[in-house]
Structure formats: C-alpha cells, structure tokens
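Undergrad: Sharing a structure below in structure tokens format, with a few things to ask.
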Amino acid sequence: MQEQAVRRIGIPYVDNLPWGAHICMFYESPQDLIDAHVAYFGAGLEDGEACIWAISEPVTREEAIAGLRAAIPSFNEHLDAGRIELLPGYDWYLDGGDFSSQRITHGWHKKLADALTKGFAGMRVSGNAFWLERNQWKEFREYESELDRSIEGQKMIVLCTYALQASRVTDLIDVARTHHFTIVRRDGRWDFLETPELAQARRMIGDLNDAIDILSVPFPGVEKLTPQERVNLAQIVKGATSKEAARALNVSPRTVEFHRANILRKLDERNLAALITHVLRSR
C-alpha cells in the first residue's frame, strides 16, 4: 500500500499536513484543551499512528482519559494496547527540575524509533507549556526552535499548547515564529493566526499560481526561458512594474530588470508591448 503523503490532523485550518508538521495552539479553557486533543489524537489513532500526550495543568491525567474515552471509540483498547500514551508533563519536561532541550528532543526521537519498530505509521505528540509563569521561557523557546529543526523529514507531528490567560503578547509572537501554524481554541471555536512570514508565503504562492495560469498555453520560444524568467514573464503579462514584480517575487528591482532583458533577448522582441503580444497570441 502506498504511504500517505499527508496526514489527517483532525483540526480545522491545519488538517492534512505532511510529516514534520509543528503546530502551535492557544487554548482558553481546560475543556477547549481536551476537545482539541480528542480531534487530534482521534485522527492519529484511526490512521495507525502512535500517540503521546505529555499532560500537565490545567488538565489532570484522569480528566484527559475521561474526555478521550467519552469521544474516541475503543479508546480503552487503544490505551491498553499502548497505541496512546499519557506522560506526566512535569517529569517529561522538567526532569529533576532541570529543563534540557537536548534531552527532551532526544526523548521524542527515541519514542519515534520505538514506534516505527513496532509497526506504527509514525508518531504524533502533544505537550503543554505549563511553565510560562516560571523562569524557563527562554530555554523553552530555544527548545521549540531546536525541535522544529529536528523533526523535519521525520515521521512525527508535534502539537504544542499554550494557555491564553498565561500568555503575553510577546509570547504569542515568539511562539508563532517557531511553528508552522498557530491556531486558537476559544469557547469551542477555532481561529487561525497568520504571521507576516506566512502571509508573505501565501502571496508568493498566489503569484506562482498566476504565473502557471498565464504561461499554461505554450508560445514560441518558451523552452528557451528558465523557471525564474517564466515567473518574471508572468509578472510582465500581468502589467506589474519592476518594483511591483520585485515585491511579489521577493527579489530586488534590479534582478527583475535583469530577467526582463534576458527574456526580450531570448524571444527576440524589442519592447514589452511586443513581448506581451508574443506570449498572448497563442492563447
């Protein structure tokens, strides 16, 4: 059977992500936290993944089990068979009161290796940032960055949860930068937080899609152009100035002008008007 390219996350806005996804969630109440994990672990258990929840306040192990048992079919069987594991968060993250990002990251990867050996498709984990009011924030932020790098290309998905009441504005900004996606669970509702970096990435993807659409019909000489020149050509056809194209493609105006000169030369056209006619004549 062919391996799935993406995994069902079970959570709106971030469903169907590849392995290595690193998700941040801010929650308002303990029930919001439990509901989110019902969706998150429910999808993982259905798809043959090992699931691990490092539990800490404001939810106890007993409350977590009760919430998962009430909503996930055959939860007791999953728990007895070791398909889902509930770890004490304090012991996992603060072993002897010591926070070591290297130790924690190594621990996750050891559990992943064990899960793969046992035949699981991969592993999804969740941990709660219960120490926001402690003196461990700087260390934990560094851990999040290290974890983000270490799970790239690994069959692991990570959900990190933070209490809204305990989070400062600067915390939200720091956290958003070390995760691929940031979502919010409040009073039973989901919201999606978009960072400036993600917004820019979305704009670049949109520009690329526009380029593909504009250049979807072959025209004489198209094989002479490099991929970068084709994207620049799409901006020309759209009527973008050099500065507008530079902003859209995240390059300098000088780079845009360089590509435009090469395009004119390769397609043997004297000016932009003739170039646009050359491209659109075949559509």
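The values are calculated or read from the model by the stated rules, or taken from the named source; none is laboratory data. On a predicted model such as this, the values are computed, not experimentally measured, just so you know. Cβ placement follows ideal geometry from the backbone for every residue including glycine, while neighbour counts extend to all protein chains displayed.
Undergrad: Return the residues of region 17-38 that are more than 17 Å from the chain's Cα centre (by Cα) and within 26 Å of residue 177 (Cβ to Cβ); say none if nothing qualifies.
TA: Within region 17-38, 27, 28, 29, 32, 33, 37 meet the criteria.
Undergrad: If the Cβ limit is 8 Å and pairs must be 6+ apart or interchain, which residue in region 247-261 that is within 14 Å of residue 236 (Cβ to Cβ) pairs with which residue that is of a type in the set (Lys, Arg)?
TA: 248/203; 253/243
Undergrad: Something else about it: Can you give me the number of residues within region 39-96 that are crowded, with 21+ Cβ neighbours inside 10 Å, more than 21 Å from the chain's Cα centre (by Cα) and acidic (Asp, Glu)?
TA: Going through region 39-96 one residue at a time, the tally reaches 0.
Undergrad: Among (1) at pLDDT 85 or above; (2) within 28 Å of the chain's Cα centre (by Cα), there is one condition residue 264 misses while meeting the rest; what is its number?
TA: Checking residue 264 against (1) at pLDDT 85 or above; (2) within 28 Å of the chain's Cα centre (by Cα), the one that fails is (2).
Undergrad: Can you name every residue in region 137-164 that is outside any helix (DSSP H, G or I), of a type outside the set (Ser, Thr, Tyr) and either modelled with pLDDT of 85 or more or under 20 Å from residue 54 (Cα atoms) (or both)? Talk me through it step by step, then tell me what you get.
TA: In the first step, residues of region 137-164 are kept if they are outside any helix (DSSP H, G or I); the result is 151-164.
Filter once more, so that each one left must be of a type outside the set (Ser, Thr, Tyr): 151-160, 163-164.
Hits for region 137-164 are 151, 154, 155, 156, 157, 158, 159, 160, 163, 164.
Undergrad: Scan region 19-76 for residues that are at pLDDT 95 or above, under 23 Å from residue 151 (Cβ atoms) and among the aromatic types (Phe, Trp, Tyr) and report the count.
TA: So the count comes out to 3.
Undergrad: Something else about it: Residue check, residue 28 against (1) buried (at least 21 other Cβ atoms within 10 Å of the Cβ); (2) among the acidic types (Asp, Glu); (3) in contact with an Asp or Glu (Cβ under 9 Å, 6 or more places away or on another chain), all met but one. Which one?
TA: (1)
Undergrad: If residue 243 satisfies every condition in (1) at pLDDT 80 or above; (2) buried (at least 17 other Cβ atoms within 10 Å of the Cβ); (3) in a helix (DSSP H, G or I) but one, which is the exception?
TA: Among (1) at pLDDT 80 or above; (2) buried (at least 17 other Cβ atoms within 10 Å of the Cβ); (3) in a helix (DSSP H, G or I), residue 243 violates only (2).
Undergrad: Residue 179 versus (1) modelled with pLDDT under 80; (2) under 30 Å from residue 82 (Cβ atoms); (3) surrounded by fewer than 17 Cβ atoms within 10 Å (Cβ to Cβ): which is the lone unmet condition?
TA: (3)
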